[in-house]
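Below is one structure; the comments refer to it alone.
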Amino acid sequence: MAGLNMQQAVGVFIFSSGLIALCGLTGWFNLIMRQVPVPLAAAMLGGVLLNFGLDLFLAAQTSFWLVITMLGSYLLLKPVLPRYCIPLVLCIGIAGCGLAGSWLGRGGAAVGHAAVYHAGI
């Protein structure tokens, strides 16, 4: 949202969430989605998921053991507990960050706080 101040950005997000709610409550989303060809929707989803998959290799450059631990736990848990696999892998990732100390940023500040500080919020 470059070029907008905080109030304008919040206003845009509130307006867009209102439009999304309107589309969902009125059934317009269903009508719109019926018009989109299935191969096109699949290609768009594939494009989005491709970025997530490729980001795995970027993350492995800086946090190799965390990526291996989470990927391994996913592969082990998926056949056994398919319903709870993703939340458990998230918990394993959070625990791995805590144990490795990678939850902390520069100067011992939590990474989330550092991100908020750098964003100027």
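Computed values, structure above
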{"item": "Failed condition for Gly3, given (1) over 20 Å from the mean Cα position of the chain (by Cα); (2) of a type outside the set (A, V, I, L, M, F, W, C); (3) assigned to a helix (DSSP H, G or I)", "result": "(3)"}
{"item": "Count - residues of region 49-87 that are in a helix (DSSP H, G or I) and loosely packed, with under 15 Cβ neighbours inside 10 Å", "result": "26"}
{"item": "Restricting region 96-108 to residues that are of a type in the set (Gly, Ala, Ser) and surrounded by 13 or more Cβ atoms within 10 Å (Cβ to Cβ), the residue that is modelled with the lowest pLDDT", "result": "Gly105"}
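The values are calculated or read from the model by the stated rules, or taken from the named source; none is laboratory data. Keep in mind the model is a prediction, meaning the values are calculated, not measured. Note: ideal-geometry Cβ built from the backbone for every residue, glycine included; neighbour counts use all protein chains shown.
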